[in-house]
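The values are calculated or read from the model by the stated rules, or taken from the named source; none is laboratory data. Note that the coordinates shown come from a computational prediction; the quantities given were computed from them, not determined experimentally. Cβ atoms come from the backbone with ideal geometry, glycine included; neighbour counts cover every protein chain shown.
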Amino acid sequence: MKVLVTGSSGLIGSEAVEHFDRQGHEVTGIDNNMRRVFFGPAGDTLWNLERLKRLTRSFKHAALDIRDRAAIEELFRTQRFDLIVHCAAQPSHDKARDIPLLDFEVNALGTVNLLEATRQHSPGAVFVFLSTNKVYGDAPNEIPLKELEKRYDYARSEDYEGIDESCRIDRTLHSLFGASKAAADLVAQEYGRYFKMNVGIFRGGCLTGPAHSGVELHGFLSYLVKVTLRGGMYSVFGYKGKQVRDNIHSYDVVRALEEFAANPRPGEVYNLGGGRANSISILEAIERIEQMSGKTLTWQYVEDARKGDHICYISNLGKFKRDYPNWKITRSLDRILEEIIASQRQQLK
């Protein structure tokens, strides 16, 4: 099988490269290190590219920009892929307000470029798109919540398993990032439903793991571990630090994409996160990481919450588990944190 991975030096992209290379597939990755452009030196992913080159057997890398329609078209014309794993993105909720045109070009236009190239040259391929829970905007905040000692949680029993795919994506405050990803999400659905292509859309919660180049503007657990181990000031933005996220390891993300690829459902949408078992608030995460690392985090509280941010977000995994019963979460929250701490310590050497 010929596999294309976009954003191949990033968290999910690099996990996909390793996973499919291990299985003997021919993997091409495109990544032009835009994360460094977005976030500066701390976001640089070249270290991960070099790691992939050392670990893989048949991985080929190209520094292409998904906004470059002609270059993308040429790649697809010459390669004819069987599976496209689209992870490339401007990934920051907050950064988008400073670069609205670049954000939209990468997230929306880049996605259309890839979908159209697939339609023209590999119409039978499976195309999996990493969307985001930010397409729901702040609609999840309308669900009744209760405040506990160190976290918010859903007040009603019917909401216990979290947010499902019926949550609306319009008439809410998204952030420009959420809006650009929603545009890409909708057009990906359309290529699946209108053109009957094998397109799947995955609305991720907090995707995480040891290969994350975490920065303040993107990469919750990775950045929190980094500051705890290396020192510096960590800022908690609003909601008393009790905001909750569910966290899923990059391996479990790629396994979900693999299950979909084996039995695609054109244009289908799935929420994908760690679920309730892997949910944690910022206050809880600080406490857990300090215990596991033996380090004390220096942090400050900033009253203003991030615009359009979720107070409590847990991904309801019911739909995906019903459609793909062979998939399950294999990495617990503690194991995820252990791997991130070990990776960060290795990078400090």
Counted residues, the range 48-95 - those being under 21 Å from Val37 (Cβ atoms), free of Cβ contacts under 8 Å to residues at least 60 places away in the same chain and among the acidic types (Asp, Glu) = 3
Residues in the range 304-327 that are without any contact (Cβ under 8 Å) to a residue 12 or more places away in the chain and among the basic types (Lys, Arg) total 2
Taking the range 75-97 as the search range and keeping residues that are farther than 17 Å from Phe177 by Cα and surrounded by fewer than 14 Cβ atoms within 10 Å (Cβ to Cβ), which one is nearest to the chain's Cα centre (by Cα)?
-> Arg80
In the range 30-69, residue surrounded by the fewest Cβ atoms within 10 Å (Cβ to Cβ) [restricted to those that are outside any loop (DSSP other than H, G, I, E, B), at pLDDT 95 or above and in contact with a helix residue (DSSP H, G or I) (Cβ under 6 Å, 6 or more places away or on another chain)] | Arg69
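Restricting attention to the range 70-97, which residues are outside any loop (DSSP other than H, G, I, E, B) and charged (D, E, K, R)?
Selection gives Glu73, Glu74, Arg77, Lys95, Arg97.
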Quick one: which residue in Glu258, Glu287 is in a helix (DSSP H, G or I), of a type in the set (D, E, K, R) and either out of contact with any helix residue (DSSP H, G or I) (no Cβ under 8 Å at 6 or more places or on another chain) or modelled with pLDDT under 95 (or both)?
-> Glu287
Pairs with Cβ under 6 Å, 6+ apart, first in the range 188-207 and on the phi > 0 side of the Ramachandran plot, second surrounded by fewer than 23 Cβ atoms within 10 Å (Cβ to Cβ) and outside any helix (DSSP H, G or I) = Lys196/Pro266
Within the range 298-317, can you find the residues that are more than 25 Å from Arg276 (Cβ to Cβ) and assigned to a loop (DSSP other than H, G, I, E, B)?
-> Glu303, Asp304, Lys307
All but one of (1) touching a helix residue (DSSP H, G or I) at 6+ places or on another chain (Cβ under 6 Å); (2) more than 20 Å from Gly214 (Cα to Cα); (3) crowded, with 19+ Cβ neighbours inside 10 Å hold for Ile282, so report the exception by its number.
-> (2)
Give me a count of the residues in the range 163-175 that are within 23 Å of Asp103 (Cα to Cα) and either surrounded by 24 or more Cβ atoms within 10 Å (Cβ to Cβ) or among the β-branched types (Val, Ile, Thr) (or both).
-> 2
In the range 154-187, the residues that are in a helix (DSSP H, G or I), of a type outside the set (Gly, Ala, Ser) and touching a residue at least 24 places away in the same chain (Cβ under 8 Å) = Leu176, Phe177, Lys181, Asp185, Val187
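Determine whether the range 193-215 contains at least one residue that is assigned to a helix (DSSP H, G or I) and out of contact with any Cys (no Cβ under 6 Å at 6 or more places or on another chain).
First pass over the range 193-215, keeping only residues assigned to a helix (DSSP H, G or I): 193.
Right, trim to out of contact with any Cys (no Cβ under 6 Å at 6 or more places or on another chain) and you get 193.
The answer is yes; a qualifying residue exists.
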